[in-house]
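Read the figures in this text as sums done on the coordinates, not as results from a lab. Everything numeric in this text was worked out from a predicted model, so none of it was measured. Reconstructed Cβ throughout: ideal geometry from the backbone, glycine too, with neighbour counts over all protein chains shown.
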Amino acid sequence: MPRNVRCGLIQVRCEWSPEKFSLGDIREKMIAKHERLIAIAGKQKVQILGLQELFYGPYFCAEQQTRWYELTERVPNGPTISRMQKLAKKHQMVLVVPIYEVEMAGVYYNTAAVIDADGRYLGKYRKHHIPHCHPGFWEKFYFTPGNAGYPVFETRYARVGVYICYDRHFPEGARILGLNGAEIVYNPKIVAQASRDKDELLVADLNLDEIQQVRDTWQFYRDRRPESYGEITRTRAAANAAAAD
């Protein structure tokens, strides 16, 4: 019998401007909007559900303003993760919850918490690769690069890894997630995968048995040559520095 897992993604618009609403009000409105879609996902028997990057507000990195630090929370001991834990338990659903994390004063991360279907907090992934470029991705102003490795979470339904948005352009971490046993990798991002002008829940049934079927033919882990990849950690600047010494 196929090992099927029903997975979902939520993509929503934030229609509330910080010029008209407080950041606290925006956070509450966005969480309430997601709660309604999580309930719909529960009725559709979704087992693993991912929310979008920085889900409880707009994508604020198009500007560089310290006011957005107000949206940071502790992970896992902040109010939003606690609220999501209750929903995960209620719907018997694994949740991938991207959040703006504060570790200590002035140290902030673009983080995703993973909550199991019984409401237990399993751990977090911190975005490693932080862009800072036009036309409006000024993320180094807001986020410290992730320092928690590439964890894989043993959930009730599957082994889940997480990458976040820009990370997807760097295959090295994704390969590590595979080596660590990930069967599904969620990539929360701000770029729409669903509708661009309305809130939407995407649902798909995944047959995890297909992983073994593919690997029986394409032996990527057998054929890779990690002993020959040392140069990937080198840069021309480092080589020039070594030569100068």
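Counting pairs of alpha carbon atoms under 8 Å apart in space and at least six apart in sequence, what relative contact order in percent does the chain give?
Computed over the chain, the figure is 22 percent.
Lys45: which lysines have alpha carbons under 23 Å from its alpha carbon, excluding same-chain residues fewer than 8 sequence positions away?
Lys45 reaches Lys33, Lys86, Lys89, Lys90, Lys198.
Among Phe55, Phe141, which comes first, then next, by fewest other beta-carbon atoms within 10 Å?
Starting with the residue having the fewest Cβ neighbours, the order is Phe141, Phe55.
When DSSP assigns beta bridges and you keep just the ones with both residues in the range 105-189, what percent turn out antiparallel, to the nearest 5?
If I count the DSSP bridges inside the range 105-189, around 75 percent turn out antiparallel.
Please give me the summed charge of the neighbours of Gln47: other residues whose Cβ is under 12 Å from its Cβ, Lys and Arg +1, Asp and Glu -1.
Around Gln47, the surrounding residues sum to +2.
Along the principal axes of its C-alpha atoms, what lengths does the chain span, in descending order and rounded to whole Å?
Projected onto the principal axes, the Cα atoms of the chain cover 56, 54, 33 Å.
Of the DSSP beta bridges with both residues in the chain, give the percent that are antiparallel, rounding to the nearest 5.
Counting only bridges with both partners in the chain, antiparallel ones make up about 75 percent.
Answer with one residue from Tyr69, Cys133, Tyr186: the one whose Cα lies farthest towards the positive end of the charge dipole of the chain, charges on Cβ with Lys, Arg +1 and Asp, Glu -1.
Towards the positive end, the residue furthest out is Tyr186.
Residue by residue through the range 159-167, which ³J(HN,Hα) values in whole Hz follow from phi under the Karplus form 6.51 cos²θ - 1.76 cosθ + 1.60 (θ = phi - 60°), with glycine and proline marked x?
8, 10, x, 9, 10, 10, 6, 4, 3
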